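Visitor: Let me begin by handing over the structure; questions about it come next.
Every number here is computed from the coordinates shown, using simple stated rules; none is lab data. Since this is a predicted model, take the numbers as computed values, not measurements. Cβ placement follows ideal geometry from the backbone for every residue including glycine, while neighbour counts extend to all protein chains displayed.
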Amino acid sequence: MPFILAMFCQFFYAFYFDTEYFYGETYIVSLGTFLAAVLNVILNFVFVPKYGYVAASYTTLVGYMFMLLYHYSIVKFKLGKSHIFSTKSIVSIISSLFIIQALLAQTYDKFSMVRYSLLVIYLINCIYIAIKNKEPIMFFANKFIKKKQKMN
């Protein structure tokens, strides 16, 4: 489960990563990736010998969460572009994922119907948020595509 959450963090940090790339801050992207890799190696070195492969999934999650926070901070404080994405929506999605992960872990072996019901509720919530925020998402996507076309 932590690895699944890590993939959601990766998906969301890509929004901010793409914003940095769009504004030509590519060195910052490289620095964030390097710092996250160093953090992951250190955490693996500390926790994997003691807790095994399960610790690797949690350290991967921490690494991706670091990248999400790093890229968000760069976009908000350095570029001053925090208004592009709905931080409230991103935080609510990730928070609900943590809650759902905890509930799913408790029902993994016993209550498959509850588990799948929670998953459906979460997916409906994600679709609702995407539809609600369609305009800013499409605006940024179109702007990014136009800039890419100008570069080619």
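Visitor: Return F8, F22, F45 ranked ascending by Cβ neighbour count within 10 Å, so the fewest neighbours appear first.
Guide: F45, F22, F8
Visitor: Could I have the simple spin-label model distance between S89 and I145, label points 7 Å from Cα toward Cβ, reported in nm to one decimal?
Guide: Label-label distance for S89 and I145, simple model: 1.7 nm.
Visitor: Between I90, I74, I124, where does the largest GNM mean-square fluctuation fall for the chain, given springs only between Cα atoms within less than 10 Å?
Guide: Answer for the Gaussian network model of the chain: I124.
Visitor: Continuing with the same structure: What is the spin-label model distance, in nm, from I137 to V120 if the labels are put 7 Å beyond Cα along the C-beta direction?
Guide: Computed distance between label sites I137 and V120 equals 2.2 nm.
Visitor: Return the ratio Rg/(2.2 N^0.38 Å) for the range 1-82, where Rg is computed over Cα atoms only.
Guide: 1.16
Visitor: Of K88/K134; K78/K150; K88/K150, which sit over 21 Å apart, Cα to Cα?
Guide: The answer is K78/K150; K88/K150.
Visitor: Quickly estimate the mean residue ellipticity at 222 nm for the chain, helices only: each DSSP H run with n ≥ 4 gives -39500 (n - 2.57), and the total goes over all residues, rounded to 500.
Guide: -29500 deg cm²/dmol, from helical runs alone.
Visitor: Provide, for q = 0.18 Å⁻¹, the log10 of I(q)/I(0) from a solvent-free Debye sum over equal Cα point scatterers in the chain.
Guide: One equal scatterer on each Cα of the chain leads to -1.14.
Visitor: Alpha carbon centre of the range 119-152 versus the range 10-45: separation in Å?
Guide: Answer, in whole Å: 21.
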